[in-house]
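Everything below concerns the one structure shown next.
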Amino acid sequence: MLQERLTPLANRILNDAAFDETVIRLCSQVSAVFKQEPRLVRALGDFGAFATILCAVALASVHGGRFTLAEVQAVVVPRGWASSRRTRALIDWLELEGAARRHQPNGDNRERPWSLCGWLIMAIETLAETYLAAAAPWQAQPVMDRPAKDIGVNILIDGIGWLLKQPQEFSPTSMETLMFLGHAPGFPLLLDLLSAAKTSKSGASNCEFSRKAAARAYGISRAQVTALLAKAERLTILKRDGSRILLSDGTLQNVQRDIAHQLAFIVVWLGILRA
């Protein structure tokens, strides 16, 4: 099983001297992508949207650049990641935003071919390149030049598509990460908190965090940020103290372990494909 290879490698990555700097850089770069393109908050900001779009991209990569809603729904709906109504609404919205194109159907509208394009594909490729670069210290053959990077991006996207169909192959994600993944833009916001905690000068896990700045950066309301932090506090993921946030030791350990497993998957998947 893939998981048998992931766990030992993830532990090695987690204990590597290069990991701390890698995490800080990864947090900064991933959140920057979302801040540069605020529409990503709706397109990829929570796991339901992420699974829908990455499943569509992976399907399109092996079907001439096209996918159908029925194919996507067959993956995400039974697992409870997104409803049929939500997948349809998301693709319809992306069409209005110039990131999805519809093509002539063969009959049933659910079988209508779609393709993704524009700012959405560019952002996904940037995120994939960011993760490939973060995993480079543990790759036997790091992806360096442009042709190799393009191939690496395609391989990684295919790997995520495979993983969405085989979720049991990935190590269980922590409660802390799952909670943030359930809300847009939960994951980049969690990375902001992790980065602030790791770079804080006033002590590990204790950091300044502006709800107003976060709301402005991601194009959401301050009330949304406050509600997300309040839920995290009820689950003892963090503690609020005025403008400061204290991440629990368990949160720091678990979220970093999740990131180590993500990087381990990249290394193992690229190794399998190259072999």
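The values are calculated or read from the model by the stated rules, or taken from the named source; none is laboratory data. As the structure is a computational prediction, the values presented were derived from the model and not from experiment. These accessible areas exclude ligands, DNA and RNA; they are computed on the full protein's heavy atoms, side chains included. Shrake-Rupley method; radii C 1.70, N 1.55, O 1.52, S 1.80 Å.
Mean-square fluctuations from a GNM of the chain, with a 10 angstrom spring cutoff on Cα atoms, peak among Asp192, Asp92, Asp46 at Asp92. If you run the Gaussian network model on the chain, springs between alpha carbon atoms under 10 Å, then out of Gln104, Gln36, Gln224 the most flexible one is Gln104. Each Cα pair under 8 Å and six or more residues apart adds its separation to the average, and for region 26-83 the resulting relative contact order is 26 percent.
Considering only protein heavy atoms and a probe of 1.4 Å, how much of the accessible area of the chain is carbon and sulfur, as a whole percent? If you can, show how the numbers build up before the last one.
Numbers: 6850 of 12920 Å².
Carbon and sulfur together cover 53 percent of it.
Among the helices of the chain, those built from whole DSSP H runs whose Cα atoms reach 24 Å or more along their own axis and whose mean Kyte-Doolittle hydropathy is at least -1.0 are 19-36, 118-135, 146-165, 249-274. Taken per residue, the accessible surface of the chain reaches 47 Å², heavy atoms only and a 1.4 Å probe.
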